[in-house]
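**Student:** Below are the structure tokens for one structure; questions will follow.
The values are calculated or read from the model by the stated rules, or taken from the named source; none is laboratory data. Because the structure is a prediction, the values reported are computed rather than measured. Here the Cβ positions follow ideal geometry from the backbone for every residue, glycine too, while neighbour counts run over all protein chains shown. Just so you know, the surface numbers come from the protein's heavy atoms only, side chains and all, with ligands and any DNA or RNA stripped out. Shrake-Rupley method; radii C 1.70, N 1.55, O 1.52, S 1.80 Å.
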Protein chains: 2
Amino acid sequence: MKIDSFSQDSPGRVLVTGANGFLGRYVARSFADQGHTVSGIGHGGWSKDEWEPWGLSQWNSADVTLETLRQHAERPDVIVHCAGGGSVSFSIEDPIADFERTVVTTAHVLEYLRTSAPSCRVVYPSSASVYGTVDTVPIAEDFPTAPISQYGTHKLMAEQMVTSYARQFGTHASIVRLFSVYGCGLRKQLLWDACIKFAKQDGVFMGTGEEVRDWLHVQDASTLLLAASRHASPQCPTINGGSGRGATVREVLMRLGRNFDVEPGFSGTQRQGDPSRFIADIKGAKAWGWHPTKKWTQGVEEYAAWWKRNSL
Amino acid sequence: MKIDSFSQDSPGRVLVTGANGFLGRYVARSFADQGHTVSGIGHGGWSKDEWEPWGLSQWNSADVTLETLRQHAERPDVIVHCAGGGSVSFSIEDPIADFERTVVTTAHVLEYLRTSAPSCRVVYPSSASVYGTVDTVPIAEDFPTAPISQYGTHKLMAEQMVTSYARQFGTHASIVRLFSVYGCGLRKQLLWDACIKFAKQDGVFMGTGEEVRDWLHVQDASTLLLAASRHASPQCPTINGGSGRGATVREVLMRLGRNFDVEPGFSGTQRQGDPSRFIADIKGAKAWGWHPTKKWTQGVEEYAAWWKRNSL
């Protein structure tokens, strides 16, 4: 049966939506490295010279809709649905656009599977933002969801559709709730903003610096999504994607700042809605045989070096 | 302030989406009876002779989108968003259409409020299907949601957007989870199907007959949505809409069957996924001063009489 034949050892066809996004690129590369034929679909003009190094054998610049999937997807064995809204701030500025990118595209991917590719698996990279503000450490997957942002609400809505299709229509699916994914190529969020500040010899940040986050390198996130593709089923396992360890914002920025000879300082005011400690319980991922391989200390050093190469 | 001026005593402008559906018609009539100016928008050719008796002063036959709302809505004080998918079976046959009717229209209504009518209130008639299969009796609003059908999943997704807009953007909103709403004009579900059977002198039904449902007459549902419009706030109260009492399917069909001189019988097999007892805890609605007024015994008699007038 086709579904059972997809494994690390038998190459298959993989479609990555949003393949030119930060996560999508690494996901494409990880599947290609395992011998799979990877194609991509999503927004953005991207030349062959740009997408080929990420392991793609085809790139379709198009909205992710039922029609474009039917037109461009070539009998995939797996879809990793990386397309979607990319930030909390954008989701507040333009909530309907975030809804369309995250929720509507998921509806179309699922309907494509149901109607045109019932034996294809789907992996959905969700977000720890579905948990909202949580004081429990670490957070297990059965912790009640209570998103506080539009972004988190839309990710949860997308999750619910994936689970519902799996249960109702037998779609083979799995969901990974990613924590603080970072790595070379990420041109937003804390590390990016901090490099810009540090480069100007500015080191003052909002918050207390004591906020704990679970930093997961994007390469580890990609291998976890690869594992998730093997465990997709109509039961739709939903697991956390993190390192299982926390590091404070202060620790991370201290390490980053050394590369710019700047020591960070903090305003001391806790930002509303920011949970103080946010660490993943990764028992589920470990049960799949997956382990994070890159320590945040090494990842941050590499990020600083990449940033300097590309931005100075 | 406009928001505070909308009450039973000060007429305002009300827009009912899906106003030509079963619930929408009664909602329009209830608001009109309180002196409000009611307009409607939704699918369906409907002549003035047809919509005027339901209390509408205007009917726009159009998809519910940001664009059509901006075009047709005339500075409403309240929107009651009755448009949406109407049955579990349709949601399984055509899940993407159910998604578009229920979830996407809600996204557009909310975005219309945020961008064009920030002082307008929104009332969302949701469904008890968001609870899924529950053995607890009665079901309180803080019971964990776990829908089992696409229909219930989409209603929950719509609820989450409403709550999220209220919290994030200050939208004045309220949600009513309706249980088994019935009444004259409902041309589907148990009572409708049973009348067709009884008229053919057939009385054999699936199930045990012992399934308990909370029957709420559509007129009572409408007055509850009227109350909900007064209690809409950025806290987005979410309450159950039921009678607070249960009646078995056997009791209801016995009463209905008498009107056709048929005694119902049951196959005895419980249908998978059908919860055995489903009764609303209506403390929230009662705290608003609302009480159901029509007993199911009377409602069922009226339904039988209506069915005979319209279908025999």
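**Student:** Is at least one residue of the range A:64-76 in a helix (DSSP H, G or I), aliphatic (A, V, I, L, M), surrounded by fewer than 23 Cβ atoms within 10 Å (Cβ to Cβ) and within 11 Å of chain B (Cβ to nearest Cβ)?
**Tutor:** yes
**Student:** Look through A:Val122, A:Val176, A:Val134 and report the one residue that is over 18 Å from the mean Cα position of the chain (by Cα), away from chain B (no Cβ under 14 Å) and open to solvent by less than 10 Å² (accessible area, probe 1.4 Å).
**Tutor:** Every option except A:Val134 fails the conditions.
**Student:** Restricting to the range A:100-116, name every residue that is among the hydrophobic types (A, V, I, L, M, F, W, C) and free of Cβ contacts under 8 Å to residues at least 60 places away in the same chain.
**Tutor:** Correct list: A:Val103, A:Val104, A:Ala107, A:Leu113.
**Student:** Could you please find all residues in the range A:247-285 being outside any strand (DSSP E or B), at pLDDT 95 or above and among the small types (Gly, Ala, Ser)?
**Tutor:** Matches in the range A:247-285: A:Gly257, A:Gly284, A:Ala285.
**Student:** Can I ask one more? Kindly indicate which of A:Ala158, A:Ala128 is out of contact with any helix residue (DSSP H, G or I) (no Cβ under 8 Å at 6 or more places or on another chain) and buried (at least 23 other Cβ atoms within 10 Å of the Cβ).
**Tutor:** A:Ala128
**Student:** How many residues does the range B:20-34 hold that are of a type in the set (Lys, Arg) and surrounded by fewer than 24 Cβ atoms within 10 Å (Cβ to Cβ)?
**Tutor:** Looking only at that region, the number is 1.
**Student:** Are any residues in the range B:95-119 outside any helix (DSSP H, G or I) and open to solvent by 30 Å² or more (accessible area, probe 1.4 Å), and if so, which ones?
**Tutor:** Selection gives B:Pro118, B:Ser119.
**Student:** Of all residues in the range A:133-152, count the ones that are touching a residue at least 60 places away in the same chain (Cβ under 8 Å) and under 26 Å from B:Arg114 (Cβ atoms).
**Tutor:** Qualifying residue count, the range A:133-152: 6.
**Student:** Quick check on A:Lys286: is it closer than 19 Å to A:Leu178 by Cα and out of contact with any strand residue (DSSP E or B) (no Cβ under 7 Å at 6 or more places or on another chain)?
**Tutor:** Spelling it out, A:Lys286 is indeed closer than 19 Å to A:Leu178 by Cα and out of contact with any strand residue (DSSP E or B) (no Cβ under 7 Å at 6 or more places or on another chain).
**Student:** Which number in (1) under 16 Å from the mean Cα position of the chain (by Cα); (2) facing chain A (nearest Cβ under 10 Å); (3) more than 24 Å from B:Asn60 (Cβ to Cβ) marks the one condition that B:Ser149 misses?
**Tutor:** (1)
**Student:** Among the residues of the range A:208-215, are any hydroxyl-bearing (Ser, Thr, Tyr), within 30 Å of B:Gln235 (Cβ to Cβ) and either within 12 Å of chain B (Cβ to nearest Cβ) or surrounded by 24 or more Cβ atoms within 10 Å (Cβ to Cβ) (or both)?
**Tutor:** Within the range A:208-215, not a single residue is hydroxyl-bearing (Ser, Thr, Tyr), within 30 Å of B:Gln235 (Cβ to Cβ) and either within 12 Å of chain B (Cβ to nearest Cβ) or surrounded by 24 or more Cβ atoms within 10 Å (Cβ to Cβ) (or both).
**Student:** Every residue in the range B:161-188 that is part of a helix (DSSP H, G or I) and aliphatic (A, V, I, L, M), please.
**Tutor:** Within the range B:161-188, B:Met161, B:Val162, B:Ala166 meet the criteria.
**Student:** Based on this model, can you work out whether A:Ser61 counts as open to solvent by 40 Å² or more (accessible area, probe 1.4 Å), within 14 Å of chain B (Cβ to nearest Cβ) and not charged (D, E, K, R)?
**Tutor:** So A:Ser61 fails the test.
**Student:** Going through B:Arg167, B:Arg187 one at a time, which residue ends up being touching a Phe, Trp or Tyr at 6+ places or on another chain (Cβ under 8 Å) and either of a type in the set (D, E, K, R) or within 14 Å of chain A (Cβ to nearest Cβ) (or both)?
**Tutor:** B:Arg187
**Student:** Which members of the range B:94-125 meet the condition of being under 11 Å from B:Met161 (Cβ atoms) and touching a strand residue (DSSP E or B) at 6+ places or on another chain (Cβ under 8 Å)?
**Tutor:** Answer for the range B:94-125, where residues must be under 11 Å from B:Met161 (Cβ atoms) and touching a strand residue (DSSP E or B) at 6+ places or on another chain (Cβ under 8 Å): B:Thr105, B:Thr106, B:Val109, B:Leu110, B:Val122, B:Tyr124.
**Student:** Right, B:Glu50: loosely packed, with under 15 Cβ neighbours inside 10 Å, of a type outside the set (Phe, Trp, Tyr) and part of a helix (DSSP H, G or I) or not?
**Tutor:** Yes.
**Student:** Right, here's the next one. Across the range B:214-232, which residue is farthest from B:Leu110 (Cα to Cα) among those that are assigned to a helix (DSSP H, G or I) and over 11 Å from the mean Cα position of the chain (by Cα)?
**Tutor:** For the range B:214-232, the residue satisfying everything is B:Thr223.
**Student:** Quick check on the range B:77-94: of everything there that is open to solvent by 10 Å² or more (accessible area, probe 1.4 Å) and farther than 28 Å from A:Thr115 by Cβ, which residue is farthest from the other protein chains (Cβ to nearest Cβ)?
**Tutor:** Here the answer is B:Asp77.
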